[in-house]
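In what follows, a single structure is set out as structure tokens and then discussed.
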Amino acid sequence: MLQGKKILLGVTGSIAAYKSLLLMRLLIKEGAQVKVIQTPSSRDFVTPLSLATLSKNPVLADLFAGDTWANHVDLGRWADVMVIAPLSCNTLAKMAQGLCDNLLLATYLSAVCPVVVAPAMDEDMWAHPATRSNLDRIRAFGNAVIPVEKGELASGLYGDGRMAEPATILEYLHALLGQRDQQVKDLAGKNVLVTAGPTYEAIDPVRFIGNHSSGKMGVALAKEMARRGANVQLVLGPSTLEINEPGIHLQRVSSADEMYAACLDKFEKMDVAVLSAAVADYTPVAPSPEKIKKNTDTFTLELKKTKDILKTLGGLKKQGQLLVGFALETTAEREYALGKLEAKNADLIVLNSLNDEGAGFGVDTNKITIFVKDGTELTYDKKPKQQVAVDIVDQIVKALYA
Ligand code: CTP
């Protein structure tokens, strides 16, 4: 499946570096061409000789060797994918900052291919806020992070931090490179904005008004559009979902107001905007800066309307931009959905009905009807959300090129 694929394998200083040899064997067995770049400290964990023997290529480690210069730009352009496994805490921090003090980092900064990393570190390092923030940062740059696994760690502790198994990394590469080959790139070069998830409206520092949205439908849409070649800007409300896909730039927000600001900032450059988030319609007028004590028998909270993102973007929409809204109704579904198409100047409205079993919040399936501005109405069977995303994106593409 990886026959002929050009893979740059970056190895950094970590006990898990022995697993790079196993990963390398799997890659070679599948027919991939592998070039290895080691950081200086990784040589304490795995020898260049072992890596060179298995990859059948000399191991690259230095920016300069004698009077020759290793051309990191060529390396970065040669590869179909760069995989850094294991990724140490130190190299992660350098990637997050754009530092360039070895060949691996210089190549990473020059790479035009997708970059996939498999971190490995001890649990406390993994949990440290600096690591979390560095990971968010490199994800925001478009790199894919393969989650660590739970298990026994080099320290003897048990917990999160083990590098993903070579077979898991291989599976990830199959999905990444396989999909790239098979998928129609009908959104290549298009800029797409997707909103997903709930919003949290603060009542005080510990309480909020939220809803049951998981963000699954919007994230499935973002992934499907990225797979078809779009540059996706995903604005995601509070959600536990991890986003690792290349091609998706993630901005996490909390409140309706933050989501509004993020969308307004991005919309002008977008070809398509798909607003699937379950945005709160109302927010507290005056959130308390301190925790509210239960001193009274009754308690009234004054709410004001949030800004309607869909309607605002509908007002700003220019020729050539496509706007897709969602509707979730319990009564008079068709009438309300058609009303939203008109009132918000949308091009498509995707209706999911809470009356349908297996549709809506939290579940992995959905049942939708799509209303198009030209009067077309398409009703679909209940399907997994990933397949629903394919149906929706098919209609987006059709409307975009109509
Ligand atoms: N939406 C939005 N900004 C809001 C509220 C909703 O962008 N402040 C978007 C949602 O992402 C969705 C669409 O509007 O795409 C439909 O949301 P919904 O709340 O059902 O529509 P409203 O017309 O605002 O609500 P109602 O049904 O109460 O009229």
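Each value in this text was obtained by applying a stated rule to the coordinates, not by laboratory testing. Predicted model only: the values in this text are computed from it and were never measured. A quick note on method: Cβ atoms are made from the backbone with ideal geometry, for glycine too, and the neighbour counts reach across all protein chains shown.
Here are the numbers for the structure shown:
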{"read-out": "Over the chain, relative contact order from alpha-carbon pairs under 8 Å, at least 6 apart, %", "value": "11 percent"}
{"read-out": "Cα centre as origin, Lys/Arg/Asp/Glu Cβ charges: the range 230-283 dipole, Debye", "value": "60 debye"}
{"read-out": "0 to 90° range, to nearest 10: angle between helix 129-140 axis and the chain longest Cα axis", "value": "80 degrees"}
{"read-out": "Whole-Å distance, taken between Cα centres, linking the range 197-235 and the range 12-39", "value": "35 Å"}
{"read-out": "Highest to lowest packing among 269-280, 91-102, scored as the average C-beta count within 10 Å", "value": "269-280, 91-102"}
{"read-out": "The range 6-178: antiparallel DSSP beta bridges as a percent of all, rounded to 5", "value": "25 percent"}
{"read-out": "Bridge type composition, the range 197-313 - antiparallel percent by DSSP, nearest 5", "value": "50 percent"}
{"read-out": "Highest average packing first - 4-16, 297-309, 256-268, 202-214, Cβ atoms within 10 Å", "value": "4-16, 256-268, 202-214, 297-309"}
{"read-out": "DSSP beta bridge pairing in the chain, given as percent antiparallel to the nearest 5", "value": "35 percent"}
{"read-out": "Shape call, the range 6-178: gyration tensor on alpha carbons, a/c limit 1.5", "value": "rounded"}
